[in-house]
């Protein structure tokens, strides 16, 4: 499958999941869909704003850091999960606190930029290609996605 075909398949699946969320709710989507969407959101946020933005700029993504890590593992993005998981070490006890204000206070310390920039660079040097990884996940779980979306992903 070409890179363009992978990108198209990921986009198609994402649009179908978004439609299900709009029609019902986030809680209505399957575990497979949730892992897909979480991994896609994480890759997108890091690509657009850097690793630190997960914790500093996003209430939603920062509060669900553990779930995002689980989703990276679920989509078999092992290298991305390893690097992202190491970013938790910045926080007391290696646990990402809930609450944007709490995280922002902790992230105001000297050395933040260097720590997260280094991990962000490593994420992009080592992490799996997002489209290829998510495309593989779709195909591995094609029967479930096809059942939920009423469309074929194996063509």
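To the nearest 10 degrees, how steep is helix 3-23 against the longest Cα principal axis of the chain, on a 0 to 90 scale? Between helix and principal axis, roughly 90 degrees.
Put in order of Cβ neighbour count within 10 Å, fewest first, the listed residues 13, 135 become 135, 13.
Helical content of the chain, expressed as a calculated mean residue ellipticity at 222 nm, amounts to -21500 deg cm²/dmol (DSSP H runs of 4 or more residues, -39,500 (n - 2.57) each, divided by residue number, nearest 500). Each part reduced to its alpha carbon centroid, segment 128-155 and segment 40-54 end up 22 Å apart.
Modelled spin-label separation between residue 152 and residue 12, with each label point placed 7 Å from Cα along the Cα-to-Cβ direction: 1.0 nm. Give me the distance between the Cα centres of segment 69-83 and segment 1-17, rounded to whole Å. For segment 69-83 versus segment 1-17, the Cα centre distance is 20 Å. Length available on full extension from residue 60 to residue 82: 0.36 nm per residue minus the Cα-Cα distance, which gives 5.8 nm.
For the pair residue 2 and residue 102, label points projected 7 Å from Cα toward Cβ lie 4.9 nm apart.
Over segment 50-93, the pair-distance histogram of Cα-Cα distances with 10 Å bins from zero comes to 28, 59, 13 percent, rounded to whole numbers. Across the chain, C-alpha contacts under 8 Å between residues 6 or more apart give a mean separation that, scaled by the residue count, equals a relative contact order of 30 percent. Ordered by the number of other Cβ atoms lying within 10 Å of each residue's own Cβ, fewest first, 124, 137 fall into the sequence 124, 137.
Across all C-alpha atoms in segment 3-149, the radius of gyration and Dmax reach 15.6, 50 Å.
With the simple spin-label model, which puts each label point 7 Å out from Cα in the Cβ direction, the residue 142 to residue 25 separation comes to 3.4 nm.
Angle of helix 65-74 to the longest C-alpha principal axis of the chain, folded into 0 to 90 degrees and rounded to 10: 40°.
Computed from the coordinates by the stated procedures, all read-outs in this text should not be read as laboratory data. Because the structure is predicted, anything quoted here is derived from the model rather than measured. Methodologically, a virtual Cβ is constructed for each residue, glycine included, from the backbone with ideal geometry; neighbour enumeration extends over all protein chains shown.
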